[in-house]
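Reading through the structure tokens given below for one structure.
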Amino acid sequence: MQIKKLIVAVITLFIGTTAFSQEIDLGVKAGVNFSKISDVDNLSNKTGFQAGVFAGIKFTDKVGLQADVLYSQQGAEFDFGKFDVNYVNIPIVLKYYLVQGLNVQAGPQFGFVLDDDIYDDSFGVHSVEGNAEKSDVSAVVGAGYDFPFGIRVDARYNFGFTDVLKDEKSKNNVFSLALGYSFL
């Protein structure tokens, strides 16, 4: 139910500010994630992908706002397996344009767990349901470039604020690279 309220709030924000905007972007994006769960021993980076849609509004030549809805593979690997956590992430970033197209980004991200599994290869292929919290809140910082012909590229780093695992200090840390295409 929380995801529905958040989506309605984001759509309302975009509809309410459309009259004041100079430029609207709607598009798709996909990329790669390099994720790690901090504060847990013996875990290393896991590579996954992300894909979804974005909507953006450019208020002035210097300031814009962009919201994404992304399927995101995250988690970590360990000596004999891996911990997979798949999210629907909704980052909402303020974009400040330094020069034509080049921007820096910052804002919150709200994640909702779709599924979580632990694969332990030490006793053969084995999968058990993980112990992940159902939601995640992160801060997003990054940089991007909006090309005039619709292509968008960005690099972002997400710092987790909430614990990934129940009853254990563990935060998501994700570096992502993405390529997008704006239809407008």
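The values are calculated or read from the model by the stated rules, or taken from the named source; none is laboratory data. Not measured: the values here are computed from a predicted model. Note that we place each Cβ from the backbone using ideal geometry, even for glycine, and neighbour counts take in every protein chain shown. When the accessible area is computed, the model is the full protein with side chains, heavy atoms only, and any ligands, DNA or RNA have been set aside. Shrake-Rupley method; radii C 1.70, N 1.55, O 1.52, S 1.80 Å.
So the values come out like this:
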| quantity | calculated |
| --- | --- |
| Under-5 Å amide H pairs with residue 164, H placed in peptide plane, nonlocal only | 170, 171, 172 |
| Segments 143-152, 64-73 sorted - mean Cβ within 10 Å per residue, highest first | 64-73, 143-152 |
| Entries of 36/95; 29/82; 29/166; 36/169; 95/171 with Cα pairs more than 20 Å apart | 36/95; 29/82; 29/166; 95/171 |
| ³J(HN,Hα) computed for each position of region 137-150 - Karplus, 6.51 cos²θ - 1.76 cosθ + 1.60, integer Hz, glycine/proline x | 10, 9, 9, 10, 10, x, 9, x, 9, 9, 6, x, 9, x |
| Cut-off under 5 Å, modelled amide H: who pairs with residue 28 long-range | 54, 181, 183 |
| For region 55-68, Karplus couplings with θ = phi - 60° (6.51, -1.76, 1.60), whole Hz, Gly/Pro x | 9, x, 10, 9, 6, 9, 5, 9, 10, x, 9, 9, 10, 10 |
| Heavy-atom accessible area ranking, 1.4 Å probe, most first, across 113, 153 | 153, 113 |
